[in-house]
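To start, the structure under review is shown below, and the notes come after it.
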Amino acid sequence: MSGRVATGADRADRPIRRRGVVGWFDPRGRRLGGWAFALNRLTGLGLVAYLYLHLGILSLLAAGPGSWDAFVDVALSPLVLGLDVVLIFGMLFHGLNGIRVSLVGLGYVTDRHRALFVALMVFGALVLAVAALRIFVK
Ligand code: HEM
């Protein structure tokens, strides 16, 4: 035993332990790439959940036109239209960030991946704004 008193610097050197799902959003030591990874995971899981929801909703077709018409009324409510915008955000973020991760993984633009991320997100924000206008403004 050295007998040396632990200092703040020693604590800063220790690796950060992130636990469970809450740990994905633990802000300690996270930089832009870390946040992008956490949001990529959240949107990826959200898209998987949406896929099953989508298949479930399509199965309403088997129950005849009455149940489908009732669903369409719900789908056109402002709440569900807002969720459509959230879905488009998830698709855009996951797809565009996924292209960046794939390119960097293949060894391209490794020195400019931050700029690529910002450019893709600006493009995604513009597409999202147009989509939201098309959804809400008739
Ligand atoms: C343009 C389409 C897509 C692209 C380019 C893309 C790209 C990627 C990439 C590169 C990763 C790995 C991320 C990493 O290792 O940091 C990933 C993870 C994942 N993707 Fe996609 N993806 C796409 C569409 C989808 C769709 C449609 C779904 C769901 C139905 C999905 C679900 C997931 C899930 C669940 C993960 C694992 C996330 C994790 O464990 O961190 N992706 N995607």
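Taking Leu126 as meeting all but one of (1) surrounded by fewer than 14 Cβ atoms within 10 Å (Cβ to Cβ); (2) within 15 Å of the chain's Cα centre (by Cα), write down the number of the exception.
Failed condition: (2).
If the requirement is being modelled with pLDDT of 95 or more and surrounded by fewer than 14 Cβ atoms within 10 Å (Cβ to Cβ), which of these qualifies: Phe117, Phe136?
Working: Phe117 fails: surrounded by fewer than 14 Cβ atoms within 10 Å (Cβ to Cβ).
None of the others qualify; the one that does is Phe136.
Which of the residues that make up the range 26-78 are within 17 Å of the chain's Cα centre (by Cα), small (Gly, Ala, Ser) and farther than 22 Å from His113 by Cβ?
Listed by number, the residues that qualify are Gly46, Ala49.
Residues are listed down the side, and each one gets a yes or a no for (1) under 16 Å from Arg41 (Cβ atoms); (2) more than 16 Å from the ligand (Cβ to nearest atom):
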position: Leu83; (1), (2): no, yes
position: Ile88; (1), (2): no, no
position: Gly95; (1), (2): yes, no
position: Gly98; (1), (2): yes, no
position: Leu103; (1), (2): no, no
position: His113; (1), (2): no, no
position: Ile135; (1), (2): no, yes
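Kindly indicate whether Val127 is within 15 Å of the ligand (Cβ to nearest atom), of a type in the set (Val, Ile, Thr) and on the phi < 0 side of the Ramachandran plot. Lay out the reasoning, then the answer.
Numbers: within 15 Å of the ligand (Cβ to nearest atom): yes; of a type in the set (Val, Ile, Thr): yes; on the phi < 0 side of the Ramachandran plot: yes.
So Val127 passes the test.
Kindly list, by first and then second residue, each pair from a residue in the range 31-54 that is touching a residue at least 40 places away in the same chain (Cβ under 8 Å) to a residue that is among the polar types (S, T, N, Q) and near the ligand (Cβ under 8 Å from one of its atoms), limited to pairs with Cβ atoms under 9 Å and residues at least 6 apart or on different chains.
Correct list of pairs: Ala36/Asn97; Leu39/Asn97; Asn40/Asn97; Thr43/Asn97.
Restrict the check to the range 32-43 and report whether at least one residue is part of a helix (DSSP H, G or I) and closer than 26 Å to Val74 by Cα. First the steps, then the outcome.
First, pick out the residues of the range 32-43 that are part of a helix (DSSP H, G or I): 32-43.
Right, trim to closer than 26 Å to Val74 by Cα and you get 42-43.
Looking through the range 32-43, at least one residue is part of a helix (DSSP H, G or I) and closer than 26 Å to Val74 by Cα.
Given Leu79, Leu60, which one is in contact with a Ser or Thr (Cβ under 7 Å, 6 or more places away or on another chain), free of Cβ contacts under 8 Å to residues at least 40 places away in the same chain and part of a helix (DSSP H, G or I)?
Numbers: Leu79 fails: in contact with a Ser or Thr (Cβ under 7 Å, 6 or more places away or on another chain).
Among Leu79, Leu60, only Leu60 is in contact with a Ser or Thr (Cβ under 7 Å, 6 or more places away or on another chain), free of Cβ contacts under 8 Å to residues at least 40 places away in the same chain and part of a helix (DSSP H, G or I).
Please verify whether Val118 is farther than 16 Å from Ala38 by Cβ, more than 11 Å from the ligand (Cβ to nearest atom), part of a helix (DSSP H, G or I) and out of contact with any helix residue (DSSP H, G or I) (no Cβ under 9 Å at 6 or more places or on another chain), treating the condition exactly as stated. Even if it seems obvious, please write down each step before you answer.
Working: farther than 16 Å from Ala38 by Cβ: yes; more than 11 Å from the ligand (Cβ to nearest atom): yes; part of a helix (DSSP H, G or I): yes; out of contact with any helix residue (DSSP H, G or I) (no Cβ under 9 Å at 6 or more places or on another chain): no.
Spelling it out, it is not the case that Val118 is farther than 16 Å from Ala38 by Cβ, more than 11 Å from the ligand (Cβ to nearest atom), part of a helix (DSSP H, G or I) and out of contact with any helix residue (DSSP H, G or I) (no Cβ under 9 Å at 6 or more places or on another chain).
The values are calculated or read from the model by the stated rules, or taken from the named source; none is laboratory data. Because the structure is a prediction, the values reported are computed rather than measured. Glycine gets a Cβ as well: all are built from the backbone with ideal geometry, and neighbour counts include every protein chain shown.
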